[in-house]
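These notes are about the structure you will find just below.
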Amino acid sequence: MNISPQTPSTGFTTPLNDVVAGGARPLVLVVEDEAALATMLRYNLEKQGYRVEEAADGQEALLRVAEAKPDLVLLDWMLPTLSGIEVCRQLRRRPATRELPIIMVTARTEDQDAVRGLNTGADDYITKPFNMEALLARVRALLRRTSPVTNKGTVNFHDLVMDLSAHRVQRNGRAVHLGPTEFRLLEFFIQHPRRVFSREELLDAVWGADIHVEPRTVDVHIRRLRKSINGPGEIDIVRTVRAAGYALDTDPI
Ligand code: CA
């Protein structure tokens, strides 16, 4: 007798096809203390085919992550017990969650705060009230840039080695730890060495053209990339070209 695995016919298209090739459905942890919003997020994420876990405060978020590491965290900024910023900081300090994709959800409209959120290690942020389609697009885009790739091999630039399959970076034999966005940025640069890219070009290439991100978000991630790859005594291999953009280059300006 032929027993075929059950194929649920859900009716909706499969937006995850470009995110996970045959893998398990990505797990999204929704950290949100407003129950109604959490429910709405769960509903929409599940409709897109994601698995969803919830946490209603900062402490619970850390607990959930320790129990089952999600593929992405949607992290509210204003939370009881521990703020979203603090949760983000703690996750970034731990080796196991250093590269966990995090989207910060903030009710604050000041760009200053959003940039502060990015500086604590979030990969992206979205401001409340947000459009659900826009949020889902950011989730998809972030998972796309963090999903593991296979058989892409190793690339070199100067004293830097990038293992694209294993997601490992070394400079001068020293392990370099990069967040998912910095990894993609470096991957893009290393594939086009010495070419200058504008912020807009980098946004299109690394974040995706369908995503609206402030151009200065690029600056935040470039800063983080520099901080991670340039060790003491090493030359800065990320070149800032005034009014033009950035390049991976060993030549000084
Ligand atoms: Ca809140």
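For A107, indicate whether it is within 14 Å of the ligand (Cβ to nearest atom), assigned by TED's automatic domain parsing to the domain that holds V139 and modelled with pLDDT of 90 or more. No: the conditions fail for A107.
Matching residues to (1) part of a strand (DSSP E or B); (2) out of contact with any His (no Cβ under 6 Å at 6 or more places or on another chain); (3) open to solvent by less than 10 Å² (accessible area, probe 1.4 Å); (4) free of Cβ contacts under 8 Å to residues at least 24 places away in the same chain:
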| site | (1), (2), (3), (4) |
| --- | --- |
| P70 | no, yes, yes, no |
| L82 | no, yes, no, no |
| Q90 | no, yes, no, no |
| I103 | yes, yes, yes, no |
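Out of curiosity, is T39 modelled with pLDDT of 95 or more and polar (S, T, N, Q)? When the stated conditions are applied, T39 passes them. None of E86, E46 is outside any strand (DSSP E or B), touching a helix residue (DSSP H, G or I) at 6+ places or on another chain (Cβ under 8 Å), more than 12 Å from the ligand (Cβ to nearest atom) and modelled with pLDDT under 95 except E86. Consider segment 49-68 and keep the residues that are away from the ligand (no atom under 16 Å from the Cβ) and closer than 19 Å to T146 by Cβ. The one that is surrounded by the most Cβ atoms within 10 Å (Cβ to Cβ) is Y50. Restricting segment 20-33 to residues that are within 27 Å of L79 (Cβ to Cβ) and either more than 16 Å from the ligand (Cβ to nearest atom) or modelled with pLDDT under 95 (or both) leaves a set whose member that is farthest from the chain's Cα centre (by Cα) is R25. Does G117 satisfy the condition of being open to solvent by less than 40 Å² (accessible area, probe 1.4 Å), within 16 Å of the ligand (Cβ to nearest atom), modelled with pLDDT under 95 and not polar (S, T, N, Q)? Here the answer is yes, as G117 does meet what is asked. Taking segment 71-83 on its own, how many of its residues are more than 16 Å from the ligand (Cβ to nearest atom) and at pLDDT 95 or above? Of the residues in segment 71-83, 1 are more than 16 Å from the ligand (Cβ to nearest atom) and at pLDDT 95 or above.
The values are calculated or read from the model by the stated rules, or taken from the named source; none is laboratory data. A quick note: this is a predicted structure, and the numbers were derived from the prediction, not measured. A quick note on method: Cβ atoms are made from the backbone with ideal geometry, for glycine too, and the neighbour counts reach across all protein chains shown. Ligands, DNA and RNA are stripped out before the accessible areas are found, and what is left, the full protein with its side chains, is counted by its heavy atoms. Shrake-Rupley method; radii C 1.70, N 1.55, O 1.52, S 1.80 Å.
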